[in-house]
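I have placed the structure first, in the form of structure tokens, so that the comments after it can refer back to it.
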Amino acid sequence: MLFNALKAVLQPSVFLYNFIGVITGMFIGTLPGLSATMGVALLTPLTFWLEPTQGLAMLLGVYNSSIWAGGISAILVNTPGTPASIAQTFDGYKMTQQGKIGLALGANTIFSVIGGLFSTFVLIVAAFPIARFALRFGPPEYFALAIFGLSMMISVSGKEVVKGLVIGILGLIISTIGLDPMFSVQRFTFGNINLMQGVSFIPIMIGMFGIGEILYQIIERKKDKRIIKDTKDLGRILPTVEEWKRCAPATLISSIISVIIGAIPGTGGDIASIVCWQQAKQISKHPEEFGEGSIEGLAAASLANNGVIGGTMTTMMTLGLPGDSVTAILIGSLMMYGLQPGPQLFVSNPDFVYNIMALLIVANLTVLIIGLLSAKVSSYILKVDPEIIWIIVILFCIIGSYALNNSLFDVVIMLVSGLLGFVFRKLEVPLGPFILALLLGPIAESNFRRSLALSSGDYSIFVTRPISIVLFILAIISLTYGSIKKAMNKRTIEA
Amino acid sequence: MLNGDIIFGIITSLIGISWIFMSRGFPAGTADGVPGPGYFPIILGVALIIMSVVLIIKGIKIKKIYFNVKEWPKENIKIFLFTILSVVIFMVLWIKVSYILASIVMLFSLGCFYKIKPMKNIIIAICFSFGTYWLFNNVFHVMLKLR
């Protein structure tokens, strides 16, 4: 089946869209401030007119490539291109200062691809069994799953758990706008026909991660220009056999950890890369070199941020639960094609599931080829003025949001979301829970009410089924763990 | 100088109150225990109010200033406001006149304000305006012509 899927995705048109996606992702990832989320959000409207496989080829190309390319600016200018590349600054930039630019860029590409391919392998092996298990889920389990997903996203909001909760609930509230899922009663539409189907999700994403980010960058703008190392004389790109051997333990441990972290909703490449970097340091024979230009450290961090993708995709495809903001948009894109991620997708459209797996393999191999061939020119991308990027992003945000439904109302939603996105960023309010809540809100509400319909209004249905009770307990632990740990630490210090 | 947490908390708690208030007008649930359309929004409204109050209390204790506008560079504020204004002008021109004109005006004026070199600016404004119009009209079949 997978072999057939590989044959299907290697059609010239699919390959072309994948290639376009990888190149676009390379630009987006390399330029600090433009995230993978923004890239996928901006390109989603453009894929609306394509076949699902072609559209996904482009979006998965952007996703993989932008995460990989985030390491380029981390290595060359000590600024992570995407949040997931933060740990690559630890050793990557030091290697650049030591004149090992080629090796650093090469290691970033090679280990990112290893991470991506390993996690895709896990997706191939694990997805069907997990989906078969998830087929047993009924409405109470889905409600519990939605709450668990949201709680995970809130719990990783760092110190801002209260803000995460407020913004998460606000997202759930916004998701109630439109027709009621069970009685078809209009709610909070204020007589506006555009709100009958609810608030469009993708324009909100485009606004918050596109316009919001640009406005934030404008306010935070500094006049001093980045000093960019020239990559014309970059030296050797490929690691030696000795370096491969040295990186083997870090590769192994990071591959496993990153897939597990990726599969947990709400986490992402940034967390995975820091955790993997620390773990690689602990098992290394040369821990003192970590942070001083260690190829092991760079390998672990590079591998981890792409290694989460397979895990995230596993959760998204099998449970219909977005692992991060990018997969939240990918769910929106699949819904645009009339496909609902979740266990039923494996029953109704197994061929398409295999196509996605094959597309991930192709995207990684394209990244490998482009990454190794483009190492010499990668510094030129960083020389593009941010102001030019701002102009282009603003224009594409407007047309992209309009193009979804040929609707000016969507443009207005996008612009309002952009302003809100800016305000939220200034207030240090995490955007992830809001986006996730918008997506999970309808799932949570309809399954909550269906559960009560099944139990004739008896609320014990949520706590008498083993899977749902486990998920609720996990949700409570994830929300309270940080506070409990903080209180215990405080007590220890006082004692 | 504004205490962002308090203001944010007040706004979200007002949203919570209004949601509860509006939800009261929705039909009731069925006799067999299925909650009505207003049930879930009311629960969310109550939860939002509770969490907003916690946020306000936290804001009072911490007193963290997020929007210290006085510290923002004046030039950046000007660019920020001009960017918003130019998007508004773009929308008006697009609806009233045409997409291409609206796009050229917005891109060129933003380019001038962002101090992009004139030649580069003209090329970007023209290429992107005509390029996106052609791409969306002919490839994606999106009608950018509104009149």
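In table form, for the structure just shown:
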read-out	value
Search result, residues across the range B:44-70 that are among the polar types (S, T, N, Q) and either touching a Pro at 6+ places or on another chain (Cβ under 8 Å) or within 7 Å of chain A (Cβ to nearest Cβ) (or both)	B:Ser52
Per-region count, the range B:44-77, residues surrounded by fewer than 18 Cβ atoms within 10 Å (Cβ to Cβ) and either within 23 Å of A:Tyr459 (Cα to Cα) or at pLDDT 90 or above (or both)	7
Every residue from the range B:124-147 that is more than 7 Å from chain A (Cβ to nearest Cβ), over 13 Å from B:Val105 (Cα atoms) and in a helix (DSSP H, G or I)	B:Gly131, B:Tyr133, B:Trp134, B:Leu135, B:Asn137, B:Asn138, B:Val139
Every pair of residues 6+ apart whose Cβ atoms lie under 9 Å, when the first sits in the range A:453-466 and is within 17 Å of A:Phe137 (Cα to Cα) and in contact (Cβ under 8 Å) with a residue 60 or more places away in the chain while the second is surrounded by 12 or more Cβ atoms within 10 Å (Cβ to Cβ) and of a type in the set (Asp, Glu)	A:Arg465/A:Glu141
From the options A:Ile261, A:Ile206, A:Ile253, A:Ile271, residue that is modelled with pLDDT of 90 or more and in a helix (DSSP H, G or I)	A:Ile253
Residue satisfying condition, being within 14 Å of chain B (Cβ to nearest Cβ), modelled with pLDDT of 90 or more and farther than 24 Å from A:Ile271 by Cβ, within set A:Gly178, A:Gly198	A:Gly178
Residue check, B:Val92 under 24 Å from the mean Cα position of the chain (by Cα) and either small (Gly, Ala, Ser) or facing chain A (nearest Cβ under 9 Å) (or both)	no
Failed item in (1) among the polar types (S, T, N, Q); (2) modelled with pLDDT under 90; (3) assigned to a helix (DSSP H, G or I); (4) over 18 Å from A:Ala280 (Cα atoms), with A:Thr120 passing the rest	(2)
Pairs, first facing another protein chain (nearest Cβ under 10 Å) and of a type in the set (Lys, Arg) in the range A:401-430, second buried (at least 18 other Cβ atoms within 10 Å of the Cβ) and assigned to a helix (DSSP H, G or I), C-beta under 7 Å, six or more apart	A:Arg425/A:Gly212; A:Arg425/A:Tyr216
A:Ala453 being under 19 Å from the mean Cα position of the chain (by Cα), assigned to a helix (DSSP H, G or I) and at the interface with another protein chain (Cβ under 10 Å from one of its Cβ atoms)	no
From A:Pro442, A:Pro433, residue being part of a helix (DSSP H, G or I) and crowded, with 21+ Cβ neighbours inside 10 Å	A:Pro433
Subset of the range B:10-28 that is within 8 Å of chain A (Cβ to nearest Cβ) and not in a helix (DSSP H, G or I) - its residue that is nearest to B:Ile56 (Cα to Cα)	B:Phe26
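The values are calculated or read from the model by the stated rules, or taken from the named source; none is laboratory data. All values derive from a computational prediction rather than experimental measurement. For neighbour counting, all protein chains shown are included, and Cβ atoms are generated from backbone atoms with ideal geometry for every residue, glycine included.
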